[in-house]
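Worksheet: the structure to be examined is printed underneath.
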Ligand SMILES: Nc1ncnc2c1ncn2[C@@H]1O[C@H](COP(=O)(O)OP(=O)(O)O)[C@@H](O)[C@H]1O
Ligand SMILES: [Mg+2]
């Protein structure tokens, strides 16, 4: 079942007098519980497409349907709510808050997502996710004392602690070595399958494609 569909999405940027069309009519659908990988040369428009899909910037044209709702008709506040409660984000670097412990990063995320869980339930959810990412023993650690792979695992936990329907990941393994990249991808795959999350992931790394259910290649603002 397609939970998320993109229809004829276009994006233009204006640089002075010049209008450049970066996305030239993209059609894409995401199947629930599956990982879709977006590949293509640098500059082909992958990050632009991902951020538009995630409601982080508007499309110039086209339609985005999520869970039966037309996101292109929503106002800023409605989009913010969808982003906070239904979407999760992982980027190339973890962007953890330096003065919060691993556990506190997750508590903060639950609060930001307005999950309305009672304190007791929060603790339970956090314990559960720490177990899934194999970081129970590091819950009181600060980001500075974690390895790159551990930080990215925490970033992934933070992206899904509020049980989003869609996970958007932009080159989540780009800052990691090959072994850690595989660990992180295995984690994303396991979580996608166990929690029935739908994942759209940009990657540069051919080795990561083995973890995807679908591979979509972009070239010059179009799907090849
Ligand atoms: N805000 C912006 N203003 C102008 N041009 C942009 C903007 N964002 C992206 N671009 C251009 O769009 C093209 C695609 O960028 P991007 O989506 O980041 O590609 P990718 O992620 O595939 O490397 C690039 O040529 C980039 O310079
Ligand atoms: Mg990019």
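What follows is calculated from the coordinates using simple rules that are stated; it is not laboratory data. These numbers were taken from a predicted model, which means no experiment stands behind them. All Cβ positions, glycine included, derive from the backbone under ideal geometry; neighbour counts span all protein chains shown.
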> Most mobile of 81, 179, 163 per a Gaussian network model of the chain (Cα springs, under 10 Å)?
Replying inline: 179
> Given the options 139, 182, 124, which has the most mean-square fluctuation in a GNM of the chain, springs set between C-alpha atoms less than 10 angstrom apart?
Replying inline: 124
> Gaussian network model of the chain, Cα springs within a sub-10 Å range: biggest mean-square fluctuation belongs to which of 23, 176, 146?
Replying inline: 146
> What is the stretch 124-201 by shape, rounded, prolate or oblate, if you read a ≥ b ≥ c off the alpha carbon gyration tensor as root eigenvalues and call it rounded for a/c under 1.5, prolate for a/b larger than b/c, and oblate otherwise?
Replying inline: oblate
>> Can you give me the angle between helix 119-132 and the longest principal axis of the chain, using Cα atoms only, in degrees from 0 to 90, rounded to the nearest 10?
In response: 80 degrees
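List 202, 19, 97 from most exposed to least, where exposure is judged by having the fewest other Cβ atoms within 10 Å. Working shown, then result.
Values: 202 21, 19 10, 97 13.
Sorted ascending by nearby Cβ count, the order is 19, 97, 202.
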> What are the extents of the Cα atoms of the stretch 171-224 along their three principal axes, listed from largest to smallest and rounded to whole Å?
Replying inline: 32, 27, 15
> For the stretch 68-128, what does the alpha-carbon gyration tensor say about shape, rounded, prolate or oblate, given a ≥ b ≥ c as the root eigenvalues, a/c under 1.5 as rounded, and a/b over b/c as prolate?
Replying inline: oblate
> For the residues 5, 72, 192, 199, what sequence is obtained by ranking on other C-beta atoms within 10 Å, fewest first?
Replying inline: 5, 72, 192, 199
> If each residue's Cβ is checked for other Cβ atoms within 10 Å, how do 89, 168 rank with the fewest at the top?
Replying inline: 89, 168
> How far apart, in nm, are the 7 Å Cα→Cβ label points at residue 1 and residue 77?
Replying inline: 3.0 nm
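So if R0 is 25 Å, what FRET efficiency would residue 120 and residue 100 give, r being the distance between their Cβ atoms, rounded to the nearest 0.05? Each step should come with its number before you reach the end.
Numbers: r = 21 Å, r/R0 = 0.82.
FRET efficiency, residue 120 to residue 100: 0.75.
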> Antiparallel DSSP bridges in the chain: what percent, to the nearest 5?
Replying inline: 55 percent
> P(r) for the chain: what percent of alpha-carbon pairs falls in each 5 Å bin, starting at zero?
Replying inline: 1, 7, 15, 18, 19, 16, 12, 7, 3, 1, 0, 0
